[in-house]
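Here is the structure we will look at, set down as structure tokens.
The values are calculated or read from the model by the stated rules, or taken from the named source; none is laboratory data. Fair warning: this is a prediction, and the values are worked out from it, not measured in the lab. Using ideal geometry, Cβ is built from the backbone for each residue, glycine included, and neighbour counts are taken over all protein chains shown. Heavy atoms of the whole protein, side chains included, go into the accessibility calculation; ligands, DNA and RNA do not. Shrake-Rupley method; radii C 1.70, N 1.55, O 1.52, S 1.80 Å.
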Amino acid sequence: MRKILPEIKWRGLIINTTNGISDILKRKVSLYSGFDPTSSSLHIGNLISIILSIHFKNYGHNVFFLLGTSTSLIGDPSGKKGARSLMKKHDIFLYYRKIRKQLFKLSKKFKIPILNNNWNKKLKFIEFSRNIGKCFDINYMLNKDSVKKRRLSLSFTEFTYQLLQAYDFYYLYKTQQCVLQIGGSDQWGNITCGIELIKKKQKTKVHGLTHNLITKSDGTKFGKTENGDNIWLDPKLTSPYKFYQFWMNISDVQAKKFIKIFTFYNKRSINKIITLHDRAPFLRILQRKIAKATTILVHSKKTFTDIYNINQILFNQKRKNMNTCLRKKDFLLFQKYLPCKKIILNSTTFNFKILDILILDNFICKSKTEVLRKIKFNSLLLNMKTFFSDYVLTKKDLIYNHFILIKKGKKNFYILYFQY
């Protein structure tokens, strides 16, 4: 059995582990990683747990994904600033189906079973309190970070979450021989709660391992129920093009860290890529490698090829005249991946003020003030050309009689599709 700990350690995939974990990983073990369906999609923060699970699978261990439909009914208070709103059972079921579909795509490729913790729904309160609750004293539970940070606003419902997740670990230990749970660093308290339960109920030691959380530009974590602009795995929430561009736009410092975390390149290959990148940082070799690997993993190789071709078209400095350089099939590709707004025309006349079009439904800009400011600094381009604020669109501006391409800033593109 190859040793996995040195591998995931140099990749930066370990923040906390229990003592003695290296001894149990000398042999083949069973482990799991859990995901609560509290939203309709997973995000790139969850992707770390998925990739870490795949590393364990590649090293010969038995790995399970656990979808927490029953724990979602309670809500994990870890990392939350305020109380969760209780979710409707119907919504959880819908979210479960969508997230299971996302996990299934990866689990099928790497042969990782997906479980559902419906066993918790069969628990009776009195029985659970006697058999599980008696294993923990109040001081132990109050000292968990998820409780200490919100002690005055934490409901009893959320307070019991750690016991339910502990029971998951206990159940999987008995039924699947799971001796290790992995997850984000915010799950350490819940994981150790499960370790404590198994120790008291089974008189044996099991283990936990957590990885670092990645944060958004505002410093908050990527979370399924957090406010902010998450990078989702669902292509309907974050388009594959935007997903790809996220990785293309990370800093060099982030890229040197993320290529170890989010790709499966070996150490020798990564060191070589970093060396090549440092020789010519403007080529963004690191970012390109990460963007390609993650897009293929989450979406598909064909999706990556399409997006790569779109970038080759849009960022080709030689293309000055979009009306003559672009093919119709290019715009069909744009419609598939770029933000696209359909505008239905009620008459054959075509005469629109550009200011009115750019603020239509807040699709491109939110106000005329924003439009005027961006026009002043040439931050808006119409078919890759500058224009004045009093510009009036005519049919001559339409590419293939239907399309207009708007560039906003350095990297944002929008398609306007006029339908007669």
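Structure notes:
- Coil-residue trypsin sites (Lys or Arg not before Pro) of the stretch 251-296, DSSP, other Cβ within 10 Å capped at 15: none
- The residues of the stretch 87-147 have, on average, 70 Å² of accessible surface per residue, using a 1.4 Å probe with all protein chains present.
- Across the options Gly183, Ile313, Ile92, the greatest Cα extent toward the positive end of the charge dipole of the chain (unit charges at beta carbon of Lys, Arg, Asp, Glu) belongs to Ile313.
- Short to long, the 5 Å bins of the Cα pair-distance histogram for the stretch 43-159 hold 2, 9, 15, 17, 18, 17, 13, 7, 1, 0 percent of all pairs.
- Of the solvent-accessible surface of the stretch 31-112, computed with a 1.4 Å probe over protein heavy atoms with every protein chain present, carbon and sulfur atoms account for 55 percent.
- For the chain, calculated [θ]222 nm from helices alone, where every DSSP H run of n ≥ 4 adds -39500 (n - 2.57): -13000 deg cm²/dmol
- Long-range tail of P(r) for the chain (Cα pairs > 35 Å, %): 40 percent
- The lysines within cross-link reach of Lys124, meaning a Cα-to-Cα straight distance under 28 Å and a gap of 8 or more places when in the same chain, are Lys80, Lys88, Lys89, Lys134, Lys144, Lys148, Lys174, Lys199, Lys200, Lys201, Lys203, Lys205.
- For Lys368, a cut-off of 19 angstrom between C-alpha atoms picks up these aspartates and glutamates, skipping any fewer than 8 places away in its own chain: Asp356, Asp390.
- Per residue, the stretch 1-78 exposes an accessible area of 31 Å² to a 1.4 Å probe, with every protein chain left in place.
- With the whole protein complex present, Asp390 retains an accessible surface near 120 Å², based on a 1.4 Å probe.
- Sparsely packed trypsin sites (Lys or Arg not before Pro) within the stretch 135-167, loop by DSSP, other Cβ within 10 Å at most 16: Lys149, Arg151
- Taking the charge dipole of the stretch 152-208 about its Cα centre, with +1 at Lys and Arg Cβ atoms and -1 at Asp and Glu Cβ atoms, the residue from Thr160, Tyr171, Thr204 reaching farthest to the positive side is Thr204.
- Residue-normalised accessible area of the stretch 274-420, expressed per residue, 1.4 Å probe, Å²: 58 Å²
- Fraction of accessible area attributable to carbon and sulfur, the stretch 130-175 (%, probe 1.4 Å): 51 percent
- All aspartates and glutamates inside 17 Å of Lys122 as judged from Cα atoms, apart from same-chain residues fewer than 8 positions distant: Asp168
- Each peptide among 405-416, 350-361, 188-199 gets the average number of other Cβ atoms lying within 10 Å of its residues, and from highest to lowest they stand as 188-199, 405-416, 350-361.
- Greater than 21 Å apart at Cα, pairs in Lys28/Lys301; Lys342/Lys366; Lys57/Lys302: Lys28/Lys301; Lys57/Lys302
- Dipole magnitude (debye, nearest 20) for the chain, charges at Cβ of Lys, Arg, Asp, Glu: 1100 debye
- Sparse-neighbour loop sites [trypsin sites (Lys or Arg not before Pro); the stretch 1-84; at most 15 other C-beta within 10 Å; DSSP]: Arg2, Lys3, Lys26, Arg27, Lys28, Lys81
- With one equal scatterer per alpha carbon and no solvent term, the Debye-computed log10 I(q)/I(0) for the stretch 306-420 at 0.20, 0.23 1/Å reads -1.18, -1.55.
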